[in-house]
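Visitor: Attaching a single structure in structure tokens format; questions to follow.
The values are calculated or read from the model by the stated rules, or taken from the named source; none is laboratory data. Since the structure is predicted, the reported quantities are computational estimates derived from the model, not experimental observations. Counting neighbours? That spans all protein chains shown, and the Cβs are built from the backbone with ideal geometry, glycine included. All accessible areas refer to the heavy atoms of the entire protein, side chains included, with ligands and DNA or RNA removed. Shrake-Rupley method; radii C 1.70, N 1.55, O 1.52, S 1.80 Å.
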Amino acid sequence: MKVILAEYLGFCYGVKRAIGLARDNARADGRAATLGPIIHNPQMVSRLESEGVGTVESPAEMSRGDTIIIRSHGVGPEVYEEVEQLGLQVVDATCPHVKQAQMAAHRLVSEGYNVVIIGEKQHPEVKSIFEWSGSKAVVIDSEEEAAELMPCAHMGIVSQTTFSGEKFNQIVGVLLSKSNDVHILRTICTATDQRQTAAIKLAAEVDLMLVIGGKNSANTTRLAQLCAEKCSTYHIETASELRSEWFDGIENIGITAGASTPDWVIKEVYEKCKKK
Ligand code: SF4
């Protein structure tokens, strides 16, 4: 059986940077924590915990002088105000690409545009972009929702960084009929595009795709959806989920992984598949 890794897979620049910053700011006294899980990967979260970086759900759980690490998804302006008032030390690991999307939404609103964010409403990154729009943007993730929007004089469009490039183009196609002045800022990051393109290419060449990453990771779930359009696909978090029956009659297996999947998890799956 042949096992092929996608050309681009696993940790992206923003995640590597966030984990590096968290590790650099670990505290032996246990007074450092990320605001929400550092990335959507439970294995990595446990590993960081053992290194002295915990997780809190709200800055209010921390005390003056504690170190709070803002994860790569970013947060809205109110959170920066809150952590300052609480006297916390802030380590901002917001991915620069996410920052760019946040600032784009902020600027477009201040320039008088009706801002549309193309992304998943419940995703923390999208929430942070929404908050930087002064909570004035509309969030949509389908052509149907785009079709329902009222026409307006000036429309500004930004995207969730991990949104599918193809779907973004389709939605923008609908939005173009809603205004004579549409300002498009395609804030999809290259890491996402590269991983999606490589996954689709590989999925078209193999019998089975394994997509590794947190079940709550938006970009991993998106990779799994795209691969499933080409071949039989399983979304797994670790090698322990692999089932022998999946490999019956399979000659070629492709492997990809989300931007928040650690290398050691990918390696484990790869090694186990090689032994099948
Ligand atoms: S997927 Fe892109 S935007 Fe998101 S953290 Fe990685 S590099 Fe940053």
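Visitor: Take the residues of segment 16-34 that are open to solvent by 10 Å² or more (accessible area, probe 1.4 Å) and touching a Ser or Thr at 6+ places or on another chain (Cβ under 8 Å): which is nearest to the ligand (Cβ to nearest atom)?
Guide: Out of the qualifying residues, it is ARG17.
Visitor: When segment 240-254 is examined, which residues are found to be among the small types (Gly, Ala, Ser) and open to solvent by 50 Å² or more (accessible area, probe 1.4 Å)? Don't jump to the end; show me each part of the working.
Guide: Just the residues of segment 240-254 that are among the small types (Gly, Ala, Ser), to begin with: 240, 244, 249, 254.
SER240, SER244, GLY249 - these are the residues of segment 240-254 that are among the small types (Gly, Ala, Ser) and open to solvent by 50 Å² or more (accessible area, probe 1.4 Å).
Visitor: Just the residues that are β-branched (Val, Ile, Thr) and either without any contact (Cβ under 8 Å) to a residue 12 or more places away in the chain or in contact with a strand residue (DSSP E or B) (Cβ under 8 Å, 6 or more places away or on another chain) (or both), please, taken from segment 198-237.
Guide: VAL206, VAL211, ILE212, THR220, THR221, THR233, ILE236
Visitor: Tell me yes or no: at least one residue of segment 108-118 is at pLDDT below 95 and not hydrophobic (A, V, I, L, M, F, W, C).
Guide: No, every residue in segment 108-118 fails to be at pLDDT below 95 and not hydrophobic (A, V, I, L, M, F, W, C).
Visitor: While we're here: Please count how many residues of segment 11-29 are at pLDDT below 95 and in contact with a strand residue (DSSP E or B) (Cβ under 7 Å, 6 or more places away or on another chain).
Guide: Counting residues in segment 11-29 that are at pLDDT below 95 and in contact with a strand residue (DSSP E or B) (Cβ under 7 Å, 6 or more places away or on another chain) gives 1.
Visitor: Which residue is farthest from the ligand (Cβ to nearest atom), if the candidates are limited to segment 47-72 and must be under 19 Å from the mean Cα position of the chain (by Cα) and open to solvent by 30 Å² or more (accessible area, probe 1.4 Å)?
Guide: Ranking the qualifying residues of segment 47-72, first place goes to GLU57.
Visitor: Can I ask one more? Just the residues that are open to solvent by 30 Å² or more (accessible area, probe 1.4 Å) and either under 21 Å from ILE19 (Cβ atoms) or more than 16 Å from the ligand (Cβ to nearest atom) (or both), please, taken from segment 97-108.
Guide: HIS97, LYS99, GLN100, HIS106, ARG107
Visitor: Just a yes or no: is a residue in segment 266-273 open to solvent by less than 10 Å² (accessible area, probe 1.4 Å), touching a His at 6+ places or on another chain (Cβ under 9 Å) and at pLDDT 95 or above?
Guide: No, because not a single residue in segment 266-273 is open to solvent by less than 10 Å² (accessible area, probe 1.4 Å), touching a His at 6+ places or on another chain (Cβ under 9 Å) and at pLDDT 95 or above.
Visitor: On to the next question. Please go through segment 50-74 and give me each residue that is of a type in the set (A, V, I, L, M, F, W, C) and within 16 Å of ALA93 (Cα to Cα), ordered by number.
Guide: VAL53, VAL56, ILE68, ILE69, ILE70
Visitor: Look through segment 76-96, keep the residues that are open to solvent by less than 50 Å² (accessible area, probe 1.4 Å) and among the β-branched types (Val, Ile, Thr), and return whichever of them is farthest from the ligand (Cβ to nearest atom).
Guide: Here the residue is VAL83.
Visitor: When the residues of segment 184-202 are filtered to those that are assigned to a helix (DSSP H, G or I) and modelled with pLDDT of 95 or more, which remaining residue is surrounded by the fewest Cβ atoms within 10 Å (Cβ to Cβ)?
Guide: Here the answer is LYS201.
Visitor: Further question: Please give the number of the condition THR233 fails out of (1) more than 16 Å from the ligand (Cβ to nearest atom); (2) surrounded by fewer than 16 Cβ atoms within 10 Å (Cβ to Cβ).
Guide: Among (1) more than 16 Å from the ligand (Cβ to nearest atom); (2) surrounded by fewer than 16 Cβ atoms within 10 Å (Cβ to Cβ), THR233 violates only (2).
Visitor: For SER58, work out the one condition from (1) touching a residue at least 40 places away in the same chain (Cβ under 8 Å); (2) more than 25 Å from ASP193 (Cα to Cα); (3) of a type outside the set (A, V, I, L, M) it doesn't fulfil.
Guide: (1)
Visitor: For segment 203-230, enumerate the residues that are surrounded by fewer than 17 Cβ atoms within 10 Å (Cβ to Cβ) and not hydrophobic (A, V, I, L, M, F, W, C).
Guide: GLU205, ASP207, LYS215, ASN216, GLN225, GLU229
Visitor: One residue is enough: does segment 172-183 have a residue meeting the conditions open to solvent by 20 Å² or more (accessible area, probe 1.4 Å) and in a loop (DSSP other than H, G, I, E, B)? Write out each step before concluding.
Guide: Within segment 172-183, the first condition is being open to solvent by 20 Å² or more (accessible area, probe 1.4 Å), and the residues that meet it are 173-174, 176-178, 180-183.
From the residues that got through so far, the ones that are in a loop (DSSP other than H, G, I, E, B) too are 180.
For segment 172-183, residues open to solvent by 20 Å² or more (accessible area, probe 1.4 Å) and in a loop (DSSP other than H, G, I, E, B): present.
Visitor: Please tell me if SER128 is modelled with pLDDT of 95 or more, surrounded by fewer than 16 Cβ atoms within 10 Å (Cβ to Cβ) and either closer than 23 Å to GLY36 by Cα or in the same structural domain as ILE236 (by TED's automatic domain parsing) (or both).
Guide: When the stated conditions are applied, SER128 does not pass them.
Visitor: Of the residues in segment 131-152, how many are within 20 Å of SER179 (Cβ to Cβ), in contact with a Gly (Cβ under 9 Å, 6 or more places away or on another chain) and part of a helix (DSSP H, G or I)?
Guide: Total satisfying the criteria: 2.
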